[in-house]
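To start, the structure itself, in structure tokens.
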Amino acid sequence: QVQLVESGGGLVQPGGSLRLSCAASAFTFSSFTMSWYSQAPGKERELVATITAVGSINYADSVRGRFAISRDNAKKTVYLQMNSLKPEDTAVYYCHARVSYLQYWGQGTQVTVSS
């Protein structure tokens, strides 16, 4: 069983930055495709960014150029650096891990962008 624990969320002013972390318990973390999703109140959960086992990266159009996903396989951790935050980035951010037909979710961390 894989456990994912997110941290780093909080309240930040527009234009500010946050760095989310997701620590995994998986022994084979390096084999997983890791993603961050966001879910705003009353909306569907949306893909924000993905990094594959070989380091290929994709971003949602809404965050490209502002957010950066990275991974540290030695620490079994994936990060989401969030810069130039906007009020519309306010959401619960979830870490997601996938390998083959298996997938796992973290419990989520709240990000609120407000003045």
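Give me Rg/Rg_expected for the chain, where Rg uses Cα atoms only and Rg_expected = 2.2 N^0.38 Å with N residues.
1.00
Compute the accessible area per residue over the chain, keeping the other protein chains in place, probe 1.4 Å, unit Å².
Value returned for the chain: 54 Å² of accessible area per residue.
The values are calculated or read from the model by the stated rules, or taken from the named source; none is laboratory data. Please read these numbers as outputs of a predicted model, since none were measured by experiment. For accessibility, only protein heavy atoms count, side chains too; no ligands or nucleic acids. Shrake-Rupley method; radii C 1.70, N 1.55, O 1.52, S 1.80 Å.
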